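> Once you've had a glance at the structure underneath, I'll fire off some questions.
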Amino acid sequence: MMLKYRGRVVTEADIAFIRTLIEQHPTASRRRLSQLLCEAWNWVQPNGALRDMVCRGLLLQLHRTAQIELPAKRHSPPNPLSHRNAPRLVQEVERTPLHCSLSELQPLRWAQVRRTAEEALFNGLIEQYHYLRYTQPVGEHLKYLICAADGRPLAALAWSSAPRHLGSRDRFIGWPAEVRRRRIHLIAYNPRFLILPWVRVKYLASHLLGHMARCLSQQWQAHYGHPIYLVETFVDPERYRGTCYRAAGWQCVGRTTGRGKDDRTGKANRSIKEVWCYPLCRQFRQRLLGESE
């Protein structure tokens, strides 16, 4: 018997190894067993951190199908993500209408604000002024706050791990499913892009996207230990035309199915979005396919 879990093939020999690991550590908790297994298999994320949560999911699946026997659960710590409070609304921010040229606005001040004192401001601005409001980015993610030289907030962009299944993007790349599972971390997704409603500066949006295209891969490398070769986003065609993405050189590669990642019915259950992509290097296909390594 052989199974696949999150892109990893698990053989009978692997399951026998897990049984032996459990026997050799009779007092270990489920969490500790997961860590030991990750270390034994060298099952790590691109930044070197153990794939602990993924491994725990595998162990639980094997336990539920009676292929291994895990020790009794010792405690269930609260999940902070499931009880996250909405960000506080921003009260003290300059809202005077801003009408000027892009050159008059320079120089802009860029800041990656995740895990900094300015992250609350970023979250609050998204919650208050983005039509989708704030949701916690998935997996690896960075948050950028763009301000005028005097510190006045102008815009905010979030980047996160890319959706695992996206047919139009995968066809654009030419990605077989197995390769996608191994290399999906090399794409970043833009879930939120906000220019504050009182900021009216022509070309600002495409300028910000262009700047991000030049610096994002290097900064992702610094934070997570691997580069980014392609960025992507969704555009709701009932609301927007994707003008700033088009002006910045992005390409519409297709549409979503409207079914979402947890679909069980095969029927659309949400609005259909356009999928826009932008390669960060000329050899993006070869690198995403692993052909240039």
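> With respect to GLN61, is the statement that it is touching a strand residue (DSSP E or B) at 6+ places or on another chain (Cβ under 8 Å), over 23 Å from TYR224 (Cβ atoms) and either charged (D, E, K, R) or not in a loop (DSSP other than H, G, I, E, B) (or both) true?
Yes; evaluated as a whole, the condition is true for this residue.
> Assess whether GLN91 counts as being more than 24 Å from the chain's Cα centre (by Cα) and exposed (fewer than 11 other Cβ atoms within 10 Å of the Cβ).
So GLN91 passes the test.
> Kindly provide the set of residues from the range 95-119 that are more than 19 Å from VAL201 (Cβ to Cβ) and either in contact with a Lys or Arg (Cβ under 7 Å, 6 or more places away or on another chain) or not small (Gly, Ala, Ser) (or both), ordered by number.
If the condition is that a residue be more than 19 Å from VAL201 (Cβ to Cβ) and either in contact with a Lys or Arg (Cβ under 7 Å, 6 or more places away or on another chain) or not small (Gly, Ala, Ser) (or both), then GLN112, VAL113, ARG114, ARG115, THR116, GLU118, GLU119 are the ones that fit.
> For the range 132-154, which residues satisfy the criterion of being within 16 Å of the chain's Cα centre (by Cα) and of a type outside the set (D, E, K, R)?
TYR134, THR135, GLN136, PRO137, VAL138, GLY139, HIS141, LEU142, TYR144
> What is the one condition in (1) surrounded by fewer than 13 Cβ atoms within 10 Å (Cβ to Cβ); (2) touching a strand residue (DSSP E or B) at 6+ places or on another chain (Cβ under 9 Å); (3) small (Gly, Ala, Ser) that ALA13 does not satisfy?
(2) is the only condition that ALA13 fails.
> Give me a count of the residues in the range 37-52 that are surrounded by 12 or more Cβ atoms within 10 Å (Cβ to Cβ) and not charged (D, E, K, R).
9
> Here's a follow-up. What residue, among those in the range 173-230 that are among the charged types (D, E, K, R) and within 14 Å of the chain's Cα centre (by Cα), is nearest to GLU291 (Cα to Cα)?
ARG183
> Ok, one more. Given GLN218, GLN136, which one is in the same structural domain as LYS273 (by TED's automatic domain parsing), without any contact (Cβ under 8 Å) to a residue 24 or more places away in the chain, over 16 Å from TYR245 (Cα atoms) and polar (S, T, N, Q)?
GLN218
The values are calculated or read from the model by the stated rules, or taken from the named source; none is laboratory data. These numbers come from a predicted model, not from an experiment. Methodologically, a virtual Cβ is constructed for each residue, glycine included, from the backbone with ideal geometry; neighbour enumeration extends over all protein chains shown.
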